[in-house]
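The values are calculated or read from the model by the stated rules, or taken from the named source; none is laboratory data. None of the values given here were measured: they were computed from a predicted structure. Counting neighbours? That spans all protein chains shown, and the Cβs are built from the backbone with ideal geometry, glycine included.
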Number of protein chains: 2
Amino acid sequence: MSEAPDPSKIVQLGVGFWGPKVLLSAVELGLFTELGKGPLDAETLRTRLRLHPRGARDFFDALVALGMLERRDGRYANTPETGHFLDASKPDYIGGLIDMLNHRLYGFWGTLTEGLRTGEPQNEVKTGQGDIFDVLYSDPGRLKLFLQAMTGLTMGTAKAMALKFPWKEHERFFDVGCAQGCVPVQVALANPHITGGGFDLPVVKPIFDEYVKRFELQSRLKLSTGNFFEDPMPDADVLSMGRILHDWDLEKKMALLARAYAALPKGGALIVYESLIDDDRRSNVAGLLMSLNMLIETRGGFDYTGADCTGWMKRVGFRSTSVEHLHGPDSMAIGIK
Amino acid sequence: MSEAPDPSKIVQLGVGFWGPKVLLSAVELGLFTELGKGPLDAETLRTRLRLHPRGARDFFDALVALGMLERRDGRYANTPETGHFLDASKPDYIGGLIDMLNHRLYGFWGTLTEGLRTGEPQNEVKTGQGDIFDVLYSDPGRLKLFLQAMTGLTMGTAKAMALKFPWKEHERFFDVGCAQGCVPVQVALANPHITGGGFDLPVVKPIFDEYVKRFELQSRLKLSTGNFFEDPMPDADVLSMGRILHDWDLEKKMALLARAYAALPKGGALIVYESLIDDDRRSNVAGLLMSLNMLIETRGGFDYTGADCTGWMKRVGFRSTSVEHLHGPDSMAIGIK
């Protein structure tokens, strides 16, 4: 018998949903919020969370082994990261994202096979409860938690963008589909000459204003409200769009790019930032999986490579384009008019 | 503002079920079996699997990025590992395990939070369809696929055990709850003086016999049939139990250890091999998550540390004990009578 290959990697990937589900349940149970008040021993933490004794210690220790908790002298505590982002009493809480993964996407991804066979979304659309945007925008409390989570998700990327783009050559900047305003805030903090703000639906305004005020940037950054398919985009030297294009089919992607082109002056720039798939489509796992998430969540959305994006930019008129890595799986494609 | 911590690890873990679900769907669709016949371009593979054009290429390229497929000159091919273990026409197919993860455990883990609150299994038990063993043993075809998958899962561990235990000092060896007989076969191959076999339910016999015959070991290895809670364990110098003790509550664990002790001669050895949790319960993620899987799947089962196991061994009479790492997350605890 020749040496058989080892199935370990296959098995590890196959059971790989167990660890993520442990995190999702921990956020659902408010574990990190409870530990935000101070470290607790296993029995006290179990009682506070009203857990049955059977699985509690394995659950807590699995979170330690997954790097989501610390344990010292038998007391569990948040890590710096989980304390900052998963304690619901903290301003940078991203539990809205985890909640969405737990209560919506874990189940919807369960019918991925059906989605691959039919090409149809596997979310509320299937049961006639509206599309993802109806779901997200129907409840202002949930919307705020979601937009806050988007800030957490985008922070590293926003900071990289604030440094890597030649902001010195420009003055007025708006982020289209800006959510809380994470990107305009980081760009404004790092580039004191920049003014502008964001463009999003009116329902986002109080959430944007509150966030911008935290950084005392309300005199430089405003929310321009409107629908980016119907209303003119703000007057700016630089526009950006992050995690927007991937929600839509190619026709709507092209329409958005054309609308941005129309709004910019000659020499103006459009920055598209998201988990751009590597041009060879073989290394950016996050971008490829995000594209499958667009299959689950939208009627026509998909992610794309940097080369795809700069090709589309040229088709709508941008004269020069480039692509630069930002942070984690995120890159930016830049088009100059 | 001080530098904020980065939520990347949290987000990566939270969306970490996407990649595993892509693999589970690929096995469900027979993708690796189709590619077992030869490499295919995206469009041919899509047509063969009857997939909608929308997500197909992202799906295939995600499998490339996850290391489960290769792609050369636009044609997709199995990796050596996926070709060996995930092509249903191959003898070492572990699709039975992946199928179980896809059709049973992905959904059952969806109610992990409920399991943590109630301490109750989240599988067929909840709907009165029997326990996991009823499910597994009710269909001989499915049982064979499952036992075959257990072989794949245990192969690396079995090979390590065949080398790391002092087999020279012993002659007659039986693996209790042996499934196809992966461990006895590897031990017998590496140690030509060893005879014995396995102990399992009568329904396992044709599956065991067929597997052992593949290695021409039928004269040295036999299946002794019985129920390990009711019937005497086989007469042997060495007994082993792998992924058996974790299925049961402490009382039944102790009963099994006592029955093994009773069956062994003075100087005989019991080897318990599975994903023993590290004694400090903070590094063996696989063992801790497997224990939560026992919460999902059984009424009282749980995984345990090497120190737990050797402590129990001493309580039933074993005079000396030790623990040694085998392969991946698996270790063995040894008790000498």
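Which of the residues spanning the range A:154-180 are in a loop (DSSP other than H, G, I, E, B) and crowded, with 24+ Cβ neighbours inside 10 Å?
A:178, A:179, A:180
Looking at B:301, B:306 in this structure, which one is closer than 28 Å to residue B:112 by Cβ and more than 14 Å from chain A (Cβ to nearest Cβ)?
B:306
Name the residue that is nearest to the other protein chains (Cβ to nearest Cβ), counting only residues in the range A:233-259 that are more than 20 Å from the chain's Cα centre (by Cα) and closer than 12 Å to residue A:173 by Cα.
Ranking the candidates gives A:238 first.
Looking at the range A:222-233, is at least one residue assigned to a strand (DSSP E or B) and either charged (D, E, K, R) or buried (at least 23 other Cβ atoms within 10 Å of the Cβ) (or both)?
Looking through the range A:222-233, at least one residue is assigned to a strand (DSSP E or B) and either charged (D, E, K, R) or buried (at least 23 other Cβ atoms within 10 Å of the Cβ) (or both).
Spot the failing condition for residue B:87; the list is (1) touching a residue at least 24 places away in the same chain (Cβ under 8 Å); (2) touching a Pro at 6+ places or on another chain (Cβ under 9 Å); (3) surrounded by 15 or more Cβ atoms within 10 Å (Cβ to Cβ), and only one is missed.
(2)
Yes or no, residue by residue, for (1) facing another protein chain (nearest Cβ under 9 Å); (2) among the polar types (S, T, N, Q); (3) under 28 Å from residue B:153 (Cβ atoms):
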| residue | (1), (2), (3) |
| --- | --- |
| B:8 | yes, yes, no |
| B:39 | no, no, yes |
| B:46 | no, no, no |
| B:75 | no, no, no |
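Looking at the range B:276-285, which of the residues that are surrounded by fewer than 22 Cβ atoms within 10 Å (Cβ to Cβ) and over 12 Å from residue A:59 (Cα atoms) is farthest from the other protein chains (Cβ to nearest Cβ)?
Going through the qualifying residues, I end up with B:279.
Taking the conditions exactly as written (buried (at least 23 other Cβ atoms within 10 Å of the Cβ) and out of contact with any Lys or Arg (no Cβ under 7 Å at 6 or more places or on another chain)), does residue A:250 satisfy them or not?
No, not satisfied.
Every residue in the range A:191-217 that is hydrophobic (A, V, I, L, M, F, W, C) and either surrounded by fewer than 24 Cβ atoms within 10 Å (Cβ to Cβ) or not in a strand (DSSP E or B) (or both), please.
Once the filter is applied, which keeps residues that are hydrophobic (A, V, I, L, M, F, W, C) and either surrounded by fewer than 24 Cβ atoms within 10 Å (Cβ to Cβ) or not in a strand (DSSP E or B) (or both), the range A:191-217 yields A:194, A:201, A:203, A:204, A:207, A:208, A:212, A:215, A:217.
Condition first: more than 16 Å from residue A:210 (Cα to Cα), of a type outside the set (S, T, N, Q) and in contact with a strand residue (DSSP E or B) (Cβ under 7 Å, 6 or more places away or on another chain). Can you find one or more residues in the range A:128-151 that meet it?
No, the range A:128-151 has no match at all.
Mind listing just one residue for me: the one in the range B:39-61 that is touching a strand residue (DSSP E or B) at 6+ places or on another chain (Cβ under 8 Å) and not in a helix (DSSP H, G or I) and, of those, nearest to residue A:295 (Cα to Cα)?
That would be B:41.
Taking the range B:111-153, which residues are of a type in the set (Gly, Ala, Ser), under 22 Å from residue B:29 (Cα atoms) and crowded, with 19+ Cβ neighbours inside 10 Å?
B:149, B:152
Condition test on residue B:301, is it closer than 21 Å to residue B:240 by Cα and in contact with a strand residue (DSSP E or B) (Cβ under 8 Å, 6 or more places away or on another chain)?
No; evaluated as a whole, the condition is false for this residue.
With B:13, B:24, B:63, B:31 as the choices, which residue is crowded, with 24+ Cβ neighbours inside 10 Å and either over 30 Å from residue B:151 (Cα atoms) or facing another protein chain (nearest Cβ under 7 Å) (or both)?
Residue meeting the stated conditions: B:24.
What pairs can you find where one residue is in the range B:185-210 and closer than 18 Å to residue B:156 by Cα, the other is among the β-branched types (Val, Ile, Thr) and assigned to a helix (DSSP H, G or I), and their Cβ atoms are less than 8 Å apart, with a gap of 6+ or different chains?
Short answer, once both residue conditions are applied: B:185/B:212.
Restricting to helices (runs of 4 or more DSSP H) lying wholly in the range B:86-139: which have 2 or more residues that are within 12 Å of another protein chain (Cβ to nearest Cβ)?
Qualifying helices (runs of 4 or more DSSP H): B:95-100, B:106-109, B:112-118.
Of all the residues that make up the range A:279-337, how many are assigned to a helix (DSSP H, G or I) and farther than 15 Å from residue B:19 by Cα?
Final tally of qualifying residues: 12.
Answer with yes or no whether residue B:298 is among the hydroxyl-bearing types (Ser, Thr, Tyr), in contact (Cβ under 8 Å) with a residue 40 or more places away in the chain and surrounded by fewer than 24 Cβ atoms within 10 Å (Cβ to Cβ).
Yes.
Of the residues in the range A:47-60, how many are crowded, with 20+ Cβ neighbours inside 10 Å and not aliphatic (A, V, I, L, M)?
So the count comes out to 5.
Can you say whether residue A:177 is in contact (Cβ under 8 Å) with a residue 60 or more places away in the chain, within 14 Å of chain B (Cβ to nearest Cβ) and of a type in the set (Gly, Ala, Ser), as far as the supplied structure shows?
So residue A:177 fails the test.
From the list B:152, B:197, B:156, which residue is in contact with a Ser or Thr (Cβ under 7 Å, 6 or more places away or on another chain), of a type in the set (Gly, Ala, Ser) and within 14 Å of chain A (Cβ to nearest Cβ)?
That would be B:156, the only listed residue that is in contact with a Ser or Thr (Cβ under 7 Å, 6 or more places away or on another chain), of a type in the set (Gly, Ala, Ser) and within 14 Å of chain A (Cβ to nearest Cβ).
Answer yes if at least one residue in the range A:253-264 is touching a residue at least 24 places away in the same chain (Cβ under 8 Å), surrounded by fewer than 23 Cβ atoms within 10 Å (Cβ to Cβ) and in a strand (DSSP E or B), and no otherwise.
no
Here is a check on your reading of the model: is residue B:270 within 22 Å of the chain's Cα centre (by Cα) and part of a strand (DSSP E or B)?
Here the answer is yes, as residue B:270 does meet what is asked.
Need pairs with beta-carbon distance below 9 Å; first residue among the hydrophobic types (A, V, I, L, M, F, W, C) and within the range A:155-169, second part of a helix (DSSP H, G or I) and modelled with pLDDT under 95; sequence gap 6+ or separate chains.
Short answer, once both residue conditions are applied: A:158/A:151.
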